[in-house]
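Enquirer: Sharing a structure with you now.
Just so you know, all these numbers are worked out from the coordinates, no wet-lab data involved. Model, not experiment: these values are computed from the prediction. Positions of Cβ are backbone-derived with ideal geometry, glycine not excepted, and every protein chain shown enters the neighbour counts.
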Amino acid sequence: MCPQSDTCPRSGPEPSDNFITELILKNNFKTPVQTLEYQRIQWSPDLVDRVLKRLWNDGPKALHFFKHLDRHPTYKHSISSYDHAIDISGRLRDYKTLWALVSRMRSRRIGPTPKTFAIIFERYVSAGKADRAVKVFLSMHEHGCSQNLHSFNTLLDVLCKSKRVEMAYSFFKVFRGRFRADTVSYNIIANGWCLIKRTPKALEILKQMVERGFEPTLSTYNILLKGFFRADQIKEAWEFFLQMKKRRCEIDVITYTTVVHGFGVAGEIHKARKVFNEMIKVGILPSVATYNAFIQVLCKKDNVENALVVFEEMIQKGYVPNATTYAVIIRGLCHAGKMVRAMEFMGRMKDDECLPNVQTYNVVIRYFCEAGDLEKALEIFEKMCSGDCLPNLDTYNILISAMFVRKKADDLLVAGKLLIEMVDRGFMPRRFTFNRVLNGLLLTGNQAFAKDILRAQSRSGKLPRHFKL
């Protein structure tokens, strides 16, 4: 499991965010003043924000760090640091802390800002509390932040991206007059219908826009084009694209990227490649996102070797691959069973100063687990826990599930330790996961450990609902 230590080295006056994160993770953080010697550190909003980002997947420690630094005699938290802490509180569903932080911002007269409320909307919606998000929007002025068109559009966007499009559209119809809905508002609703593959409704929004005197933008057309591809309406998508060209729309790199990706996902690699070549001929240079889309579909629908050819071609032309580029290549190599090369690309990422994110780590861990190499998967997990990139809920679920494959008592002990660790980091396991681990421990003669888990988590109040001792 993630290493723990009771000792920590002394820090210099200007330690890096990585060094501070390691100190926090290696200590129980019962005495944060002594641990960080924070009065000697030259704290800055940027440094604090970077530490909070690194601690994102260990919410309790992130908030502990934030709260203790809030008592610093000279340093004062910035708006962005409060926003990070509010975001983490929302992820933990610790709404009491979330609103206490909002009140603290207001008492210091530094917020809350529209961005703060955008974070709150997203956290309530992702927790299945969309009604609560709407109520928060309607009460923003009570917290010293007036609603405006931008915050209206933000709420619509959050609702649509969570596929609560019917709710978003109803809200839109009621308040579009009050907030003077603009082209962006209509584009958000159109995109929402496209996300749930209801392109006729998206076309209705286009019609409404025109009837109300709004000129559809290139973004509007790109949204609809992507919607046709998402709904597997390949013929309609191609005809729509041709109409865009016929009407002399100023087609951009996003349009071409959408078509390349759309044809690729549909398995029509030849057409995807043809469109990719066409865009270069008409003078529209591919972006890194275009290459990422093309590489991804080659990995999924063609073969990873062809994807690697495009990857190398991209580098030769002077493009700098980003985390997404590497992630799709690594996933493609893992899927092809080429784990050694996948790990080589992980190393190459670091050489290019492009650190793997949690999704990339999860892909590699998953494939090692599926290959039966649990030791290697755990080795990579330990590396994550060192502070490079903390594991998330998916990481724990992947590893816990894998511990049941070999049906070994030792593996189930590991599953139990992982379960405790994930709860300590603020992740709530599903009831199924909790039951599975406890039953596994009981069946393999680890009754004492199973009871310890139940007692510890019962005391902390973090047992899944309906679970009893």
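Enquirer: Counting other Cβ atoms within 10 Å, keep those with at most 12, restrict to DSSP loop, and tell me which trypsin sites (Lys or Arg not before Pro) in segment 296-355 are left.
Expert: For trypsin sites (Lys or Arg not before Pro) across segment 296-355 that sit outside H, G, I, E and B with at most 12 neighbouring Cβ atoms in 10 Å, the list reads Lys317.
Enquirer: Greater than 23 Å separation of Cα atoms is the criterion. Which listed pairs, Lys207/Lys245; Lys129/Lys207; Lys226/Lys300; Lys161/Lys226, meet it?
Expert: Lys129/Lys207
Enquirer: How far apart, in nm, are the 7 Å Cα→Cβ label points at Lys317 and Ser170?
Expert: 4.7 nm
Enquirer: Return the distance in nm (one decimal) between the two label points of a simple spin-label model at Glu278 and Leu242, each offset 7 Å from Cα along Cα→Cβ.
Expert: Each label point lies 7 Å from its Cα, and together they span 1.0 nm.
Enquirer: Let me ask something else about it. Taking the number of other C-beta atoms within 10 Å as the exposure measure, put Phe172, Phe434 in order starting with the fewest. Working shown, then result.
Expert: Details: Phe172 24, Phe434 20.
The order, fewest Cβ neighbours first, is Phe434, Phe172.
Enquirer: Could you state the angle between the C-alpha long axis of helix 358-370 and the longest principal axis of the C-alpha atoms of the chain, as a value from 0 to 90 degrees rounded to the nearest 10?
Expert: Between the helix axis and the principal axis of the chain, the angle is about 70 degrees.
Enquirer: Residues of segment 158-187 with the amide nitrogen closer than 17 Å to a label point 7 Å from the Cα of Ala127, along Cα-to-Cβ, please.
Expert: Answer for segment 158-187: 159.
Enquirer: Residue separation times 0.36 nm, minus the C-alpha to C-alpha distance between Ile110 and Ser386: what's the value?
Expert: 95.9 nm
Enquirer: Right, something else. Quote the FRET efficiency, to the nearest 0.05, computed for Arg212 versus Ser287 with a Förster distance R0 of 51 Å and r equal to the Cβ-Cβ distance.
Expert: 0.95
Enquirer: Positive end of the dipole of the chain, charges at C-beta (+1 Lys, Arg; -1 Asp, Glu), about the Cα centre: which of His270, Leu412, Ile120 has its Cα farthest in that direction?
Expert: Going by the charge dipole, the pick is Ile120.
Enquirer: Which one, (1) 70, 56, 49; (2) 83, 74, 44; (3) 71, 43, 38, gives Cα extents along the principal axes in Å as derived from the coordinates shown?
Expert: Here Cα extents along the principal axes in Å agrees with entry (1).
Enquirer: Select from Met343, Ile329, Ala371 the residue farthest towards the positive end of the dipole of segment 285-372; place +1 on Cβ of Lys and Arg, -1 on Cβ of Asp and Glu, and compute about the Cα centre.
Expert: Ala371
Enquirer: I've got another one for you. Which of Leu438, Leu412, Leu203 comes first, and how do the rest follow, when ranked by fewest Cβ neighbours within 10 Å?
Expert: Leu203, Leu438, Leu412
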